[in-house]
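S.K.: Pasting a structure here, questions to come.
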Amino acid sequence: MNMKTVEGLVGASSNINLSDTAMGVYRQAVHKGDTATAERALGYAGDMVEQAQAYESKADEGMKADAKELKEKAEADKEKILEKRREDQKELEARIEQSRKPDNDTIEISGEKAPVSAETPKPGDTASADASKPENTVSANNSANASSQTNAPQMPSVIYSSTGETHPQTVQTQAEISITV
C-alpha cells in the first residue's frame, strides 16, 4: 500500500472525527443560546472538513499510484508467463523435430539371405568358413529354415525409430543389418 494512501485515509478519518467533536460543541452552544461559541465551533468543524477533503484527495492520489503499480506488476508477470510459454513451445518443437529425424536409434533388417559383411560367409559357402567358430558355420537346420522362408511373402524393408515410427527403406542388393546408436 502506498504511503500517500495510508496518510490520506488516516488524516481524513481523524479530521472527520474532530469535526464531529466540533459539531457536538456547536449543538450544545446553540441549545444554551451561546452564539459566539456556536460560531467558533462551526468554524472549527468547517476547517476540519476542509482538511479531511485535502487528505481524501491525497488518498485518491495514493490509490491511483497503487493501481498503476499493480497494473505494471501484472503486466510484468504476464510477460514472464508469455516468455516461459514461448520457451516451452520452442523446447516442444525441438523435441518434436528431434523425434522426426531418422538419426535416432534405428535397426535395419533386410529380408534377403545374404551376409551382412564380407567376413561373414554366404549360406552356400561353407568351405571358406572356419569350422571351429560356430557363428561362421551354417547348420543343416539353418539351411532348412532358409529354404522354407523363401516361400514366405517378402516384407518391405523398413527402419524403426525410437518412437516406434516406421520409415520405408529401398531394398538393397546385399543383406545388411546396421545399428545406429
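S.K.: Grab the other residues whose beta carbon is less than 14 angstrom from that of ALA38, score K and R as +1, D and E as -1, and report the net.
M.R.: +1
S.K.: On to the next question. Cβ under 12 Å from ASP66's Cβ, ASP66 left aside: what net charge do those residues give with Lys, Arg +1 and Asp, Glu -1?
M.R.: With Lys, Arg at +1 and Asp, Glu at -1, the net is +1.
S.K.: Now for a different question. In nanometres, what is the gap between the two model label sites at ALA36 and ALA65, each 7 Å from Cα along Cα-to-Cβ?
M.R.: 4.5
S.K.: Using r as the Cβ-Cβ distance of GLN169 and GLU83, and R0 as 30 Å, what FRET efficiency do you calculate, to the nearest 0.05?
M.R.: 0.10
S.K.: If you don't mind, there's one more thing I want to ask. With the other protein chains left in place, how much accessible area per residue, in square angstrom, belongs to region 1-93 at a 1.4 angstrom probe?
M.R.: For region 1-93, the per-residue accessible area is 78 Å².
S.K.: Oh, and also: Given 0.36 nm per residue, what is the gain on full extension from GLU93 to ILE16 after removing their alpha carbon distance, in nm?
M.R.: Taking 0.36 nm per residue and subtracting the Cα distance, the gain is 21.4 nm.
S.K.: Can you give the Kirkwood hydrodynamic radius of region 1-94 from its Cα pairs, in Å with one decimal?
M.R.: 16.7
The values are calculated or read from the model by the stated rules, or taken from the named source; none is laboratory data. The structure displayed is predicted, hence computed values, not measured ones. Note that each Cβ is placed from the backbone with ideal geometry, even for glycine, and that neighbours are counted across all protein chains shown. Surface areas here come from the heavy atoms of the whole protein model, side chains and all, with no ligands, DNA or RNA. Shrake-Rupley method; radii C 1.70, N 1.55, O 1.52, S 1.80 Å.
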